[in-house]
Structure formats: C-alpha cells, structure tokens
1. Please give the peptides 301-310, 166-175 ranked by average Cβ packing (other Cβ atoms within 10 Å per residue), highest first, as a rough proxy for protection.
2. Which ³J(HN,Hα) values, rounded to whole Hz and listed in residue order, are derived for segment 264-271 from phi using the Karplus coefficients 6.51, -1.76 and 1.60 in 6.51 cos²θ - 1.76 cosθ + 1.60 with θ = phi - 60°, glycine and proline given as x?
3. Of all the C-alpha pairs in segment 248-327, what % are more than 17 Å from each other?
4. Give a residue-ordered list of calculated ³J(HN,Hα) values for segment 168-173 (Karplus: 6.51 cos²θ - 1.76 cosθ + 1.60, θ = phi - 60°; whole Hz; x for Gly, Pro).
5. Could you sort 101-111, 326-336, 181-191 so that the peptide with the highest average Cβ count within 10 Å comes first and the rest follow in order?
6. Take the residue pairs LYS119/LYS281; LYS138/LYS304; LYS138/LYS172; LYS57/LYS335; LYS119/LYS172; LYS26/LYS335 and return only those whose Cα atoms are more than 26 Å apart.
7. Quick check: pseudo-label points 7 Å beyond the Cα along Cα→Cβ at ALA63 and ARG88, how many nm apart are they?
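Bear in mind that the values in this text are calculations on the coordinates, not laboratory data. Remember, it's a predicted structure, so these values are computed and weren't measured experimentally. Counting neighbours? That spans all protein chains shown, and the Cβs are built from the backbone with ideal geometry, glycine included.
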Amino acid sequence: FDMFFLAFIQRLFRPSFRKDEFILGKKLGEGAFGVVYRASLANAKPNAPKCDLVLKKATEYGAVEIWMNERARRACANSCADFVYGFRERSAKGKGRGEYWLIWRFEGEDTLSDFMTSKEFPYNVETKILGEVQDLPKGLERENRIIQTIMRQLLFALDSLHSTGIVHRDIKPQNIIFSEGSRTFKIIDLGAAADLRVGINYIPKEFLLDPRYSAPEQYIMSTQTPSAPSAPVATALSPVLWQMNLPDRFDMYSVGLIFLQMAFPSLRTDSGLIQFNRQLKRCGYDLEAWRKTVEPRAGSDLRKGFELLNLDGGIGWDLLTSMVRYKARQRTDAKSALAHPYFNQEGLLGLSYMQ
Ligand code: ADP
Ligand code: MG
C-alpha cells in the first residue's frame, strides 16, 4: 500500500507533458512495438528537465514499459536510462486507442552494440571511460581489464534491477546505452520486463524475446505456477515464487552471452552468435564440451578469446561457465557474479570511482 501511495505523491509533484510540447528529431530505432526518436521540449519551462530527450511512441505494451520505468527510477535509478515521464496519447478527434509516449533523458549516442561492432573494441570503450590513457598493462591483459570493467557495470545494474524484483528479459548489447554523463553503461528498453513483486507482465510474452540472447528455458516462470494473482496477493507471494523459479537467471544467461561476445571477436556478429548458439545446443548447452570441439581447430580469432579467458588461472572462463548454463538453478546470480574472483583485480580507475 505504501508503495502505491508514494508513487501517487511523486506523480503529483513531477512535471507533466502533453504531445504538442515535444519537437521530434532523428529516428533512433524502430521495432515491432514502437518507434524511438531523439526529441526536445518546444517551450522549455524554467524547472523543466534538460532538453535533450528520447521519445518512444509505443503500442499496447507501452503501459507495461511506463510502469517498469517508474519502478526502476524510484528503486534503482542509476541502473537504467533516466526516465522523465510517460503518458497515454489519445489520437485526434478521440478516435483509435491512442499510443503510449515515453520520455527519457538522452544518455548518449552509443549502445554497447555500437562499440562492439567496431574493430576498435574494446579500446573505443576505454577512451570513453577514461578520456586519457592510463598506465595499464598492454595487449590481451589490457583488453581483459576493459571487458572486466564493462561486465562489472552490467552486473551492477542487473543486480539492482533484480533486487527490485524486476527481470529484464531482453538483455543484449543493443539495449545497453553508454551514459556520457555518468560514464557508465545503463540498461534501456524495459518493454519485455516483468515485475515479480506485483505480478506485472507476469505471464511471459515469448514472442517479445530475442532468440539470439534468450536462455534455453521457454518460460521464465515454471508452467506450474498459477497465473498472475491480483497485486496485493502477488506482493506477499512473490519472494517465494522468486525462490522457486529464479527468473533472474534468464538475464544471467543473456549477460553471459555478452561476456562471450566481448571475449571472442568472431562471435560479435549476428551470424557468429547464431552459429555459436547452434553449436552450443548440439553440445547439450555444455560450454566445456563446446570448447573441446572448437578449440583444437580454432583459428587465431577464437584462440585469442580462449587466451583472454585463460588469464589469471582461467578465472574469466570460470565466470563465463557459471553464467552460460542450461539449468537456471545452476547459473550464478548477479550479486554472486560480482563477488567472483574475476573482479578481484583492479579495474579501470575511472570506473571504480564511479561505482
Ligand atoms: P526498441 O523497442 O526499438 O528496441 P529501445 O528502447 O531499445 O527501443 O530504443 C531504441 C534505440 O534508441 C536504442 O537502441 C538506442 O540507440 C536509442 N535510445 C533509447 N533510449 C535512449 C536513451 N535514453 N538515450 C540515448 N539513446 C537511447
Ligand atoms: Mg531495444
């Protein structure tokens, strides 16, 4: 009850906007469920948020996305892009169902995907984070430090999201934005997320999930669990359901695949990842088995990935295999992953200060 009251009070004191107050700029993305634009305020009020904005016009799933963003902003503000406001826009003359408008602060130009598709990766991230070059080890070890720093940020963001009771379900490089303001990666696109504490979007919409980054389990909640109870009941039940089903481990698989892609340049392309997924499936989702089949005949590119994960006694490989596992129950959670010895070494200085 308190939570809803608090939400109501916060709503009351926050600015509200209407459709005609925004000027749309460049289109940033277009999916099956919405279009995303860069935008600004037509007549910025004195106390209005900074004018560089992102606006998403969404279909029926916009309602869930607004809910998730409101929740995330209150509970774990720095994990996700800064959400400004969301509302339902009724079409002119009152016809049609209208669409949902969501507004965020513009965090920056680049997603993790943009960085990863460049030949410069991971050095292009290092310069973003540090501005100037530091006295770091060279070569593979340096790459490993940068990747380690990115992974720490992703897991940090996921940990606070999961601690809030939210499972993202669409974790992929395209949904990770680099925030120029905080010089860290933040999560975006909560359109497929589920809030287990209150049962919102509790029934998974399978078709919303990206098969390239999805864990092998078809359903995030076991099919035996009852359908979404009404909000107050769900609030009481959900910690138990969470323990039973470990829905957060779905995201852990996806973030494991991102780690894999960062380590192996050839798996960063769509076709590379799809081929890997096929191979892993053939190996019964056993990464060790996959390694045994590909390593003997690996080209220099794959070998480089194994070499990177083998540094410091293979702790990188150990972390990877603790996330990319067939059984959700056997996957590590975000908090434990952050405590993994892989993160014991000093990361990039600029970032350790940020967190
Ligand atoms: P979609 O449903 O189309 O995937 P997203 O929420 O992922 O929508 O946004 C699409 C794209 O818009 C992102 O890949 C990113 O490039 C850009 N974008 C989204 N939110 C922001 C933001 N807060 N700041 C900067 N760019 C953003
Ligand atoms: Mg997206």
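1. Values: 301-310: 16.9, 166-175: 24.1.
My ranking of the peptides, most packed first, is 166-175, 301-310.
2. 10, x, 6, 9, 7, 7, 4, 5
3. Working: 1318 of 3160 pairs.
It works out to 42 percent of all Cα pairs.
4. Whole-Hz 3J(HN,Hα) from phi for segment 168-173: 7, 6, 9, 6, 7, x.
5. Values: 101-111: 19.9, 326-336: 16.2, 181-191: 22.5.
My ranking of the peptides, most packed first, is 181-191, 101-111, 326-336.
6. Details: LYS119/LYS281 28 Å; LYS138/LYS304 15 Å; LYS138/LYS172 28 Å; LYS57/LYS335 34 Å; LYS119/LYS172 19 Å; LYS26/LYS335 38 Å.
Over 26 Å Cα-Cα: LYS119/LYS281; LYS138/LYS172; LYS57/LYS335; LYS26/LYS335.
7. So the two model labels end up 0.6 nm from each other.
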